[in-house]
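Remarks on the structure that follows.
The values are calculated or read from the model by the stated rules, or taken from the named source; none is laboratory data. What you are looking at is a predicted structure, and each value in this text was computed from that prediction instead of being measured. Positions of Cβ are backbone-derived with ideal geometry, glycine not excepted, and every protein chain shown enters the neighbour counts.
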Amino acid sequence: MTFRADSRLVAGVIPSPNYDARTSRIDILLMHYTGMQTAEEAVARLTDKEAGVSCHYFVHEGGRIDQLVPEARRAWHAGLSSWKGATDINARSIGIEVANPGHEFGYRDFPDAQIDALIKLCRDIVGRHPIRRERVLAHSDVAPMRKKDPGERFPWDRLAAQGIGLWLEPTPIDGGRTFSANDKGAEVEKLQKQLARFGYDLKITGRYDDNTRGVVTAFQRHFRPARVDGLADPSTVTTLQRLLRK
């Protein structure tokens with residue numbers, strides 16, 4: 001399949017066979033890192049029919065942008081995922097892969113040229129689709145028990161400064177009551193309800209179980225990246241509460 005790029009920012013079209021019909025309107029922009037040793041390996045996998053994965057856009061470290069799937073089609077990038085009760089995230093999202101080796105192969109900072117290009121692409125996309133700031137998400141947000149990308153080094157603050165995504169300066173880390181494994185009770189239940197209201201897929205059990213720790217870890221990667229440990233300290237909890245009020 002060949003197609004015309006949806007954005008004037010696209011340098012090249014590299015068609016992937018891994019897509020199907022879109023069944024929902026686009027209202028989520030989902031960020032990934034490639035998590036492979038080279039960009040070339042990542043593009044090869046994303047265009048391999050046997051791999052069964054793809055994305056709409058691929059942003060190289062030098063800032064080049066390629067498109068693999070038309071926006072009108074449902075790319076296969078989110079996998080088993082959920083946000084605010086919706087479970088077919090692929091059907092309602094545009095997926096962007098940002099070249100970075102990830103945690104397995106030497107996670108590193110994202111180059112300025114790459115992020116500058118990504119910001120321009122995101123601004124172009126949200127200018128054409130009704131994607132609210134709070135629905136610019138990480139892969140780890142919608143699949144917290146499976147995924148880490150784009151990770152704690154991803155500069156969400158830079159994107160937010162350009163109107164892309166939700167961000168505020170995290171509450172400083174400064175000790176205090178911390179929830180951890182096997183804690184239970186009304187305060188844990190309150191935290192779970194707040195995380196679920198924010199959008200995460202989390203059962204309300206009143207116990208600080210593995211799923212709760214996984215969701216807290218995902219929240220920290222995105223919104224309190226200075227320390228990602230899955231423990232709900234006052235900095236994490238207060239940052240969440242402030243975001244809920246935005």
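Among what's in the range 94-113 and is small (G, A, S) and in a loop (DSSP other than H, G, I, E, B), pick the residue that is farthest from the chain's Cα centre (by Cα). Spell out the reasoning first.
So the first thing to find is which residues in the range 94-113 are small (G, A, S), and the list is 95, 99, 102, 106, 113.
Pick out the ones that are also in a loop (DSSP other than H, G, I, E, B) and you get 99, 102, 106.
Values: A99: 14, G102: 13, G106: 19 Å.
Filtering first and then ranking leaves G106.
Would you confirm whether or not the range 16-23 contains a residue that is closer than 21 Å to P130 by Cβ and not in a strand (DSSP E or B)?
We begin by selecting, within the range 16-23, every residue closer than 21 Å to P130 by Cβ; these are 21-23.
Still in the running and not in a strand (DSSP E or B): 22-23.
Yes, that holds for at least one residue.
Condition first: acidic (D, E) and closer than 11 Å to I173 by Cβ. Now tell me which residues in the range 206-245 satisfy that. Steps first, please.
The first filter runs over the range 206-245 and keeps only residues acidic (D, E), leaving 209-210, 229, 233.
Matches in the range 206-245: D229, D233.
Collect the residues in the range 83-110 that are under 17 Å from A218 (Cβ atoms), among the small types (G, A, S) and touching a Lys or Arg at 6+ places or on another chain (Cβ under 8 Å), keeping them in residue-number order.
A86, G102, listed by residue number.
Within the range 212-219, is there a residue that is part of a loop (DSSP other than H, G, I, E, B) and crowded, with 21+ Cβ neighbours inside 10 Å? So that I can check it myself, show each step before the final result.
Residues of the range 212-219 part of a loop (DSSP other than H, G, I, E, B): none.
Checked the range 212-219: no residue is part of a loop (DSSP other than H, G, I, E, B) and crowded, with 21+ Cβ neighbours inside 10 Å.
Collect the residues in the range 114-154 that are in a loop (DSSP other than H, G, I, E, B), of a type in the set (G, A, S) and in contact (Cβ under 8 Å) with a residue 12 or more places away in the chain, keeping them in residue-number order.
A143, G151 - these are the residues of the range 114-154 that are in a loop (DSSP other than H, G, I, E, B), of a type in the set (G, A, S) and in contact (Cβ under 8 Å) with a residue 12 or more places away in the chain.
With outside the structural domain of K193 (by TED's automatic domain parsing), surrounded by 14 or more Cβ atoms within 10 Å (Cβ to Cβ), at pLDDT 95 or above and out of contact with any Ser or Thr (no Cβ under 8 Å at 6 or more places or on another chain) as the only criterion, which of G63, G52 stands out? Even if it seems obvious, please write down each step before you answer.
Numbers: G52 fails: surrounded by 14 or more Cβ atoms within 10 Å (Cβ to Cβ).
Selected residue: G63, the only one of G63, G52 that is outside the structural domain of K193 (by TED's automatic domain parsing), surrounded by 14 or more Cβ atoms within 10 Å (Cβ to Cβ), at pLDDT 95 or above and out of contact with any Ser or Thr (no Cβ under 8 Å at 6 or more places or on another chain).
In this structure, is I173 assigned to a loop (DSSP other than H, G, I, E, B), touching a strand residue (DSSP E or B) at 6+ places or on another chain (Cβ under 6 Å) and surrounded by 13 or more Cβ atoms within 10 Å (Cβ to Cβ)?
Spelling it out, it is not the case that I173 is assigned to a loop (DSSP other than H, G, I, E, B), touching a strand residue (DSSP E or B) at 6+ places or on another chain (Cβ under 6 Å) and surrounded by 13 or more Cβ atoms within 10 Å (Cβ to Cβ).
So that you can scan it fast, the table gives a plain yes or no per residue for (1) in contact with a helix residue (DSSP H, G or I) (Cβ under 7 Å, 6 or more places away or on another chain); (2) assigned by TED's automatic domain parsing to the domain that holds M31; (3) modelled with pLDDT under 95; (4) crowded, with 17+ Cβ neighbours inside 10 Å:
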{"site": "V98", "(1), (2), (3), (4)": "yes, yes, no, yes"}
{"site": "F105", "(1), (2), (3), (4)": "no, yes, no, no"}
{"site": "L137", "(1), (2), (3), (4)": "no, yes, no, yes"}
{"site": "V142", "(1), (2), (3), (4)": "yes, yes, no, yes"}
{"site": "M145", "(1), (2), (3), (4)": "yes, yes, no, no"}
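Considering only residues that are under 19 Å from the mean Cα position of the chain (by Cα) and not in a loop (DSSP other than H, G, I, E, B), which ones fall in the range 44-65?
L46, Y57, F58, V59, I65
From the residues in the range 71-93 that are aliphatic (A, V, I, L, M) and outside any helix (DSSP H, G or I), which one is farthest from M1 (Cα to Cα)?
This residue is A86.
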